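The values are calculated or read from the model by the stated rules, or taken from the named source; none is laboratory data. The shown structure was predicted, so the numbers you read here are calculated from the model rather than taken from an experiment. As a convention, Cβ positions derive from the backbone with ideal geometry for all residues, glycine included, and neighbour counts pool all protein chains shown.
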Amino acid sequence: MLVGVDVGGTNTDAVIIDEEIHTLKVPNEEGIEAILKKLPGMRNEGRVAVSTSLPLNLLLSRAHEHPTLTLLFPGPGLNFSSKGVVLRGCVNHRGDVVEEIDENEIREALRRNSYDNIAVASKFSTRNSEIEERVLEIAKEFLPESAIALSHHCGGLSYPLRINTTVVNAKIKRTVFELVETIRAHFDNFLFFRGDGGLMPYRLALDNPSSLYNSSPAAVALGASFLSGESDALVVDIGGTTTDFVILEKGLPRICENAVILGEKTLVRCVSSVSIPYGGDSLVSEGELLPRREGKPVAFGGERPTLTDVLNAEGFEIGDYRASRNCSELKEWDTAEILDGFLKKVAKKIMEFSPEKVILGGYLSKYLQELIARKISSKVIVPKFSEVMNAFGVAVSRISLTLYARFDTVLSRASFNGVIENSPFPEGSSPSEDEIIEEAKRKLIQIVRNEGFEAEEEFELIHFNSYPVVRGGWRRGIIADVIIQLKPGISERAEELRKGGF
């Protein structure tokens, strides 16, 4: 049994995929708990995965309300004072602590600044996270761990980008913690849907919550591929607040590396998407469709007319369509012109991509299919269950994690995402490239299993570099860096269900 939940900007959708399909949709005003309570007998059955735009919404709307104190431990070299408070303490490129932290200096920085959350970044923490872990213990005297982010969880050697990513994590971490507490009241273990179209255990998402950035558009794209059977298309998701556009390539959403968030380049890898600020709940006022939401459509108990009510005024029957048609404000305006204005905005954005095929998703997709098709030359597809396409994408995805590994047989140690361990290879040995990669794969699978899940073992080698260490004319061992990923995509179980007709 596969369960997918997508917390969008307006509604929360859920789908249960087994021998039969069950779908649920509730407005966000009722909260995610409303939909979790409706998932019958699922506490210890099946696999539960959740996608959320909550961290994204927080970043875009209230980031300035959550000032971050950034504590930096760069060591000698470039001046990073413009990025935060530079303090004593240094890890070198080999992963050795070559300068100790000054605990009094750290506490003084924590006392004299005003902040809501803390970002901690040591330059080579991805090779040894010891300094960051020690600073965490001090910082916990001032704020809870849910408000403190450490940079080694981000991966990646680029120190400036890792700093930026850690700041993002610090700002949204508390929100994700609160969401986890809500979900765990109903499910013992679950997965989060990442912004690149894969799944990750919730405990790992707490360490690196920026991985969830832009997850809802990624979910829509994967759901579109699964439900339509199409591999290459433009996916258009008509939501309540926005309409999102995502390119689908070879069955996966097009990915953006080093996403710019809050005006800064980061290490975040997520779906590449664009949006227009109009959807089914967009307010209609003075005969104009406005780029904002002020509540539900009149057809669903709201007080002010929206795009959905305009569709009802034009002859569609969505919700309580009579309430829409009796709305006094709509009677005064040219609803055909309002609707046509929205369709032109969507068509203009679609034509910028010049797609052969367009897959529509969202509650209004089946109503707008023919109208949009008239304005573009592309084939327009609306698959079954298009109204919960996002939740389908979450449910059918598979686990995808990235491991940053370094093996140093000279010092007989290894580091995995910044955590130092004993080397799996003998001191002074020179393992082959294949042996090193296999060890990285084994470790990645072990990480997943430690979180209570099994992963499909389809790997992508992102980076490999190995060189010998020679001293006094003698080969002393090797140092190897590996970046390897469990590839995102549609799970084998979901493919089996699709072939069997669910």
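Residues that are among the small types (Gly, Ala, Ser), loosely packed, with under 14 Cβ neighbours inside 10 Å and at negative phi within region 67-120 comprise Ser81, Ser82, Ser114, listed in sequence order. Looking only at region 82-110, which residues are without any contact (Cβ under 8 Å) to a residue 12 or more places away in the chain and not in a loop (DSSP other than H, G, I, E, B)? Listed by number, the residues that qualify are Asn104, Glu108.
Being crowded, with 20+ Cβ neighbours inside 10 Å, closer than 30 Å to Thr243 by Cβ and touching a residue at least 40 places away in the same chain (Cβ under 8 Å) is a property that holds for Val394. Comparison of Asn450, Asn417, Asn422 shows that the only residue that is closer than 21 Å to Cys154 by Cα and loosely packed, with under 15 Cβ neighbours inside 10 Å is Asn450. Scanning region 484-502 for residues being over 19 Å from Ala218 (Cβ atoms) and assigned to a strand (DSSP E or B) gives a total of 1. Considering region 284-315 alone, what residues qualify as being among the hydrophobic types (A, V, I, L, M, F, W, C) and over 29 Å from the mean Cα position of the chain (by Cα)? Hits for region 284-315 are Val284, Leu289, Val298, Ala299, Phe300, Val310, Leu311, Ala313. Residues in region 369-391 that are surrounded by fewer than 23 Cβ atoms within 10 Å (Cβ to Cβ) and in a helix (DSSP H, G or I): Gln369, Glu370, Leu371, Ile372, Ala373, Arg374, Lys375, Glu387. Scanning region 305-358 for residues that are among the polar types (S, T, N, Q) and either surrounded by fewer than 20 Cβ atoms within 10 Å (Cβ to Cβ) or within 16 Å of Ile376 (Cβ to Cβ) (or both) returns Asn326, Ser328, Ser354. Of the residues that make up region 265-283, is at least one without any contact (Cβ under 8 Å) to a residue 24 or more places away in the chain, under 29 Å from Thr335 (Cβ atoms) and over 22 Å from the mean Cα position of the chain (by Cα)? Yes, because at least one residue in region 265-283 is without any contact (Cβ under 8 Å) to a residue 24 or more places away in the chain, under 29 Å from Thr335 (Cβ atoms) and over 22 Å from the mean Cα position of the chain (by Cα). Filtered by the rule that a residue be within 23 Å of Ala119 (Cα to Cα) and either in contact with a His (Cβ under 6 Å, 6 or more places away or on another chain) or surrounded by 24 or more Cβ atoms within 10 Å (Cβ to Cβ) (or both), region 177-199 gives Phe192, Arg194, Gly195.
Restricting attention to region 241-264 and to residues that are more than 13 Å from the chain's Cα centre (by Cα) and β-branched (Val, Ile, Thr), the residue that is modelled with the lowest pLDDT turns out to be Thr241. Within region 425-442, track down each residue that is buried (at least 19 other Cβ atoms within 10 Å of the Cβ) and either in contact with a strand residue (DSSP E or B) (Cβ under 6 Å, 6 or more places away or on another chain) or farther than 12 Å from Ala480 by Cα (or both). Of everything in region 425-442, those that are buried (at least 19 other Cβ atoms within 10 Å of the Cβ) and either in contact with a strand residue (DSSP E or B) (Cβ under 6 Å, 6 or more places away or on another chain) or farther than 12 Å from Ala480 by Cα (or both) turn out to be Ile436, Ala440. For Tyr404, the conditions (1) touching a helix residue (DSSP H, G or I) at 6+ places or on another chain (Cβ under 6 Å); (2) closer than 20 Å to Phe459 by Cβ; (3) aromatic (Phe, Trp, Tyr) are fulfilled apart from (1). Filtered by the rule that a residue be in contact with a helix residue (DSSP H, G or I) (Cβ under 7 Å, 6 or more places away or on another chain) and either surrounded by fewer than 19 Cβ atoms within 10 Å (Cβ to Cβ) or among the small types (Gly, Ala, Ser) (or both), region 146-169 gives Ser146, Ala147, Ala149, Ser151, Gly156. On inspection, Phe142 qualifies as among the aromatic types (Phe, Trp, Tyr), modelled with pLDDT of 95 or more and farther than 28 Å from Glu257 by Cα.
Put simply, of Val246, Val236 the only residue that is touching a residue at least 60 places away in the same chain (Cβ under 8 Å) and outside any loop (DSSP other than H, G, I, E, B) is Val236.
Conditions (1) part of a loop (DSSP other than H, G, I, E, B); (2) in contact with a strand residue (DSSP E or B) (Cβ under 8 Å, 6 or more places away or on another chain); (3) of a type outside the set (A, V, I, L, M); (4) more than 29 Å from Leu311 (Cα to Cα), marked per residue:
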residue	(1), (2), (3), (4)
Leu157	yes, no, no, yes
Leu161	no, yes, no, yes
Lys171	no, yes, yes, yes
Asp188	yes, no, yes, yes
Leu204	no, no, no, yes
Gly223	no, yes, yes, no
